[in-house]
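Encoded as structure tokens, the structure appears first; notes follow it.
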Amino acid sequence: MKHIVNTQAEYNAAYQASLDDPEKFWRDFAEKEFTWHKKWDNVLNYTMSPEAGKLGVKWFEGAKLNITENCIDRHLEKRGEQTAIIFEANNPNEKPLHITYRELAKNVNKTANMLKANGAKKGDRICLYMPMTPELAYAVLACARIGAVHSVVFAGFSAKSLSDRIMDAKCNIVITADGGYRGSKITPLKDITDEALQSCDCVQKVIVLNRTNSKIPMVYGRDVWWQDEFAKASDVCPAEVMDAEDMLFILYTSGSTGKPKGMVHTCGGYMVYANYSFRNVFQYQEGDIYWCTADIGWITGHSYIVYGPLSAGATTVMFEGVPSYPDMGRFWEVVQKHKVNIFYTAPTAIRSLATCDMSLVTKHDLSSLKTLGTVGEPINLEAWEWYDEHIGKKNCPIVDTWWQTETGGIMISSLAGVTKDIPTYATLPLPGIQPCLMDENGVELPDGAQEGRLCIKHPWPSMARTIYGDHQRYADTYFSTFSGKYFTGDGAKRDAEGNYRITGRVDDIVIVSGHNLGTAEIENVINEHPNVAESAVVGYPHDVKGNSIYAYVTMKTQDGLTQDSEQVEKEIKNLVAKTLGPICKPEKIQFTSELPKTRSGKIMRRILRKVAADEFENLGDISTLLNPECVEEVVRGACSRG
């Protein structure tokens, strides 16, 4: 039975084998594909009981390894001179870097020794607040090399957000930079770090990368320059032997309470699943150039820029810039320049790029592309079709991947060119993943076409083991809603063939006159209007219905919108009523030039819900938004329409 499958029949066989004997399935793959210092005593030991004192999952218990030996050392003999990382800088005139596996090994070892010289040791938590340069990848891998736990914070978060994460993990070292390029602007990372550290008493050392040559203050005794410390370090650093269940990293994700959750991922199982899912979903072949446009500050960057591709011996592209700089054709210019074969990005980016002049696409040669992917949110039909036609030229499979920070790797997705891709559907679970749908009463829905709450009913290797410092919260958040099952927080539809379509967060369900309406589904329909660029749907209190639908809509062009807004509003309402039924029709539609988004590109529906409910005085912290200035416009628009 093949683990890396290349046909539908092989997928069917692998999936059935993973159901029949999950432990054998993962044991066979782990034995064959990786370097271990010591094999495991037990493949899997778990209880998914919601009680925190009982809840626990251990994969490859007793095994010893170091993930960097599997991402770097084991490749050196065969592919030491192969490019491991292509670095494409923010400035298109800056020469790209091609870093070989041998160079990567030396740079990671030097970074690891630099950390040790500045007090880092096994088990320490180290915060990385850095731009998307190769040094960020070196720092991630260097932490893993010496057994320190990395906590990467996206280099766009505010000082308060950074401080909260440093204090929660009790980091003793912070690695940052003088500044970070973002399009035409420089983010003052060291200034933000200094502000954050005013309320952090746990940090003993700050290592600063000189990226932008900005003038910054350095605190004597605490702050050191990366370049100076790196130059002094040896390029030989033996890997620390780790237990499979030792912490590899903490990554913070949003919490419903407003307090970020530090999701803990461990060494062995995460390594196995990141490799497995990368190779299967993208159908990576030797020599392919792979580009994930995410930031390493998010789980996508951890799993599918660093650990998945490098453990597979792939060539992975790191991009420092943004898709709009110096113009909206930058993505396609980079694809042409590096002859990218596999391209993985977010639906938000696709929708934005689809509104631009098509000459920005057509002037670039995209013939190297063979696989396209999306991540981060469900993709609407119009964006999927644009991506398929104009970027893939109807010749590239599109993998619409569903997964989460908590899952560590892709859970539901087509396998490129192997299993069928269906527009707007994540489609089938990967082998080893056992999804199910639950009704409101906690009853598992039978096989076949159903709609319910998406759960996973058996452990998988890369699942988060806990919330750092708060195992009870982990149990309460993920395992108490449906006892013995991991609750994803998402709703989903399943068709008769077992394909899953994610309908959105369950907390983005609006109950109107007793009917549960998925906001993502309504948004998909609104986005089909030919003049709509994107939309966000929320519920707001209604005297008669309990809740009603409020839609925020961004048009592809604002020209003439004033005189046409009533007609467009009518067309949108009719489209929704015709497609989904009159009960789903928005009660209110507000046109806005843009929607408030996080720096990862997700629409901040929490703010939109408050605005729709006239709760203008309690919008919470908006400093971490990509575009905080648009919130004022949204509030003004809501007040003016009443």
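Given +1 at the Cβ of Lys and Arg, -1 at the Cβ of Asp and Glu and no other charges, the dipole of the chain around its Cα centre is 1100 debye to the nearest 20. Residue pairs exceeding 28 angstrom between C-alpha atoms, taken from Lys106/Lys205; Lys259/Lys485; Lys106/Lys259; Lys106/Lys215; Lys573/Lys597; Lys232/Lys337: Lys106/Lys259; Lys106/Lys215; Lys232/Lys337.
Ordered by the count of other Cβ atoms within 10 Å of each Cβ, fewest first, Trp226, Trp291 give Trp226, Trp291. Amide H to amide H distances under 5 Å link Leu128 with Ser151, Val152, Val153, Ile175, where only residues 5 or more positions off or on other chains count and H is placed in the peptide plane. Between Ser367 and Glu629, full extension at 0.36 nm per residue minus the direct alpha carbon distance yields a gain of 90.4 nm.
Neighbours of Leu430 by Cβ distance under 15 Å: Lys/Arg scored +1, Asp/Glu scored -1, total +1.
Note that region 361-373 has calculated 3J(HN,Hα) couplings of 8, 5, 7, 10, 8, 9, 5, 6, 5, 10, 9, 10, x Hz, one per residue in order, obtained from phi through the Karplus relation 6.51 cos²θ - 1.76 cosθ + 1.60 (θ = phi - 60°); glycine and proline are x. With each pseudo-label sitting 7 Å past Cα toward Cβ, what's the Glu528-Cys639 distance in nm, one decimal? Result: 3.7 nm between the two label points.
Take the Cα of Lys259, step 7 Å toward its Cβ, do the same at Glu451, and the gap between the two points is 3.6 nm. According to the square roots a ≥ b ≥ c of the eigenvalues of the Cα gyration tensor, what is the shape class of region 253-356, taking rounded for a/c under 1.5, prolate for a/b larger than b/c otherwise, and oblate for the remainder? Oblate shape, in that a/c is at least 1.5 and b/c is the bigger or equal ratio. I want the local charge near Gln82. Using Cβ-Cβ distances under 12 Å, sum +1 for each Lys or Arg and -1 for each Asp or Glu among the other residues. Net charge around Gln82: -2. The Cα atoms of region 1-110 cover 54, 40, 31 Å along the three principal axes, with the biggest extent listed first. Give the shape of region 513-641 as rounded, prolate or oblate, defined through the alpha-carbon gyration tensor: a ≥ b ≥ c are the square roots of its eigenvalues, a/c under 1.5 means rounded, and otherwise the shape is prolate if a/b is larger than b/c and oblate if not. Oblate, since a/c reaches 1.5 and b/c is not below a/b.
The stretch between Lys578 and Glu195, if pulled fully straight at 0.36 nm per residue, gains 132.6 nm over its current Cα-Cα span. In order along region 332-339, the phi-based Karplus estimate (6.51 cos²θ - 1.76 cosθ + 1.60, θ = phi - 60°) of 3J(HN,Hα) comes to 6, 5, 5, 4, 5, 4, 9, 6 Hz; Gly and Pro are listed as x. Only one residue of Ile422, Gln8, Gly452 has its Cα farthest out toward the positive end of the dipole of the chain, where Lys and Arg carry +1 and Asp and Glu -1 on Cβ, and that residue is Gln8. Placing unit charges on the Cβ atoms of the charged side chains and taking the dipole of the chain about its Cα centre, the candidate lying farthest along the positive direction among Val375, Tyr552, Ala144 is Ala144. Listed from fewest to most Cβ neighbours within 10 Å, the set Arg330, Arg145 follows the order Arg330, Arg145. Between the labelled values (1) 87, 59, 58; (2) 68, 60, 51; (3) 71, 56, 52, the entry that holds Cα extents along the principal axes in Å as derived from this structure is (2).
Which distance in Å, rounded to a whole number, links the C-alpha centroids of region 395-441 and region 1-36? Cα centres, region 395-441 to region 1-36: 17 Å.
For region 315-327, putting each phi into the Karplus relation 6.51 cos²θ - 1.76 cosθ + 1.60 with θ = phi - 60° gives couplings of 9, 10, 8, 10, 10, 7, x, 10, x, 9, 10, x, 8 Hz, in residue order, rounded to whole numbers and with x for Gly and Pro. Over all other residues within a Cβ to Cβ distance under 13 Å of Pro188, the charged ones net out to +1, with Lys and Arg as +1 and Asp and Glu as -1. Here the calculated FRET efficiency for Asp73 and Ala613, from their Cβ-Cβ distance with R0 = 56 Å, stands at 0.50, rounded to the nearest 0.05. When the P(r) of region 323-393 is calculated, the portion above 14 Å amounts to 56% of the C-alpha pairs. Among Ile296, Ile99, the ranking by other beta carbons within 10 Å of each residue's beta carbon, starting with the fewest, stands as Ile99, Ile296.
Summarising the label geometry, the points placed 7 Å from Cα in the beta-carbon direction at Asn42 and Leu97 lie 4.4 nm from one another. Per residue of the chain, the DSSP helices (runs of n ≥ 4 H) give a summed -39500 (n - 2.57) that works out to -9000 deg cm²/dmol at 222 nm.
Subtracting the Cα-Cα distance of Asn12 and Glu389 from 0.36 nm times their residue separation leaves 132.8 nm of extension gain.
Positive-end ranking of Val537, Ile589, Ser565 along the dipole of region 513-641, with charges on Cβ about the Cα centre, is headed by Val537.
Computed from the C-beta positions of Leu360 and Lys420, the FRET efficiency with R₀ = 35 Å rounds to 0.65.
If you sort the three axes of the alpha carbon gyration tensor as a ≥ b ≥ c, you get a/c of 1.5 or more for region 399-543 and a/b no higher than b/c, which makes it oblate.
Here the chain carries DSSP beta bridges of which approximately 60% are antiparallel, counting only pairs with both residues inside.
Since every read-out is calculated from the coordinates, none of them should be taken as a lab result. Please read these numbers as outputs of a predicted model, since none were measured by experiment. Don't worry about glycine lacking a Cβ; one is built from the backbone with ideal geometry, like all the others, and counts go over all protein chains shown.
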